[in-house]
1. Based on this model, can you work out whether residue 198 counts as at positive phi, touching a residue at least 40 places away in the same chain (Cβ under 8 Å) and buried (at least 23 other Cβ atoms within 10 Å of the Cβ)?
2. From 149, 160, which residue is in contact with a strand residue (DSSP E or B) (Cβ under 7 Å, 6 or more places away or on another chain) and in a loop (DSSP other than H, G, I, E, B)?
3. Only one residue in 115, 205 is closer than 24 Å to residue 298 by Cβ, touching a helix residue (DSSP H, G or I) at 6+ places or on another chain (Cβ under 8 Å) and modelled with pLDDT of 95 or more, so which one is that?
4. State yes or no: is residue 118 in contact (Cβ under 8 Å) with a residue 12 or more places away in the chain, surrounded by fewer than 22 Cβ atoms within 10 Å (Cβ to Cβ) and within 22 Å of residue 239 (Cα to Cα)?
5. Please note which strands (runs of 3 or more DSSP E) are completely contained in segment 65-114 and include at least 3 residues that are surrounded by 17 or more Cβ atoms within 10 Å (Cβ to Cβ) and under 27 Å from the mean Cα position of the chain (by Cα).
6. Restricting to segment 70-95, what's the tally of residues that are under 22 Å from residue 205 (Cα atoms) and modelled with pLDDT under 95?
7. Across segment 170-188, which residue is farthest from residue 208 (Cα to Cα) among those that are under 21 Å from the mean Cα position of the chain (by Cα) and surrounded by fewer than 19 Cβ atoms within 10 Å (Cβ to Cβ)?
8. Looking only at residues in segment 232-252 that are within 18 Å of residue 265 (Cα to Cα) and surrounded by fewer than 19 Cβ atoms within 10 Å (Cβ to Cβ), which one is nearest to the chain's Cα centre (by Cα)?
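The values are calculated or read from the model by the stated rules, or taken from the named source; none is laboratory data. No experiment lies behind these values; they were computed from the predicted model shown. Neighbour counts run over all protein chains shown; Cβ positions are idealised from the backbone, glycine included.
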């Protein structure tokens, strides 16, 4: 997004700054500011008593695009805490993670699970339990706990998805964790996937923009793309498989369908899906009803059916929550596995 500065011949020029707030989790405001330089125009012709102001348009430099994460530090202080719960550290920040393995880990695919704001690995595992079907199909599952933002007074666990001013290097941490698990347990480096809910799903969108070489596919449940990520998104050289699940009455995810995007600095989720589809060069190939009148729209390449895929699920009356099977008729865990196995 370009911002313009108008300079007049007889006066000091004006400076402007753009600041915004995009709601992610209800209690986590997005406060991002972009400073612009203030220039002073000096009138050197003292004989000009009356000069009509002339307007010069100065274009600001293009927004700096996100760079892919190509190298990270090694995970440190990895210790078994109890049973299959581990602790570790990255960039001076402590995390814990829970491993749920299939019977054979050699060359097993890996699914990374990211909780919502204020959650934890153990709480997310209790609520979701995707390992119950994933392990049977040969998938390793790791639930990961985020960390508090030192600048957030709530001290709640979360993910640096691009909302707010957190310094936590969560994208690098997750890449480092994946590399550690792949090397330690002989997992398949070509089949690593990540799924998240709410703030964890916001993080999934960031990972899709910066870590496409690490993850084969991305799953966002009740997630949106933060404004800062959208503005800095790559405009080329990105190709990802993505599953987005959105509720009609989700008051956190901005949508064109209900007009909520008109009042949000974050992009409409429809625009985000369109972005992924265009970057992959995909076409809409199927639209079907699933569950209790939910709509699943599938995009893939007609010339390369085995290539990248985007699935978009829209749930009538769905809210900012993990879909309940009894209410929606959708087994979310099974849908995630189905999407992964479609790759």
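1. It is true that residue 198 is at positive phi, touching a residue at least 40 places away in the same chain (Cβ under 8 Å) and buried (at least 23 other Cβ atoms within 10 Å of the Cβ).
2. Testing whether each residue is in contact with a strand residue (DSSP E or B) (Cβ under 7 Å, 6 or more places away or on another chain) and in a loop (DSSP other than H, G, I, E, B) leaves just 149.
3. 205
4. It is false that residue 118 is in contact (Cβ under 8 Å) with a residue 12 or more places away in the chain, surrounded by fewer than 22 Cβ atoms within 10 Å (Cβ to Cβ) and within 22 Å of residue 239 (Cα to Cα).
5. Per the criteria, 85-90, 93-100, 110-114.
6. 2
7. 179
8. The residue in question is 232.
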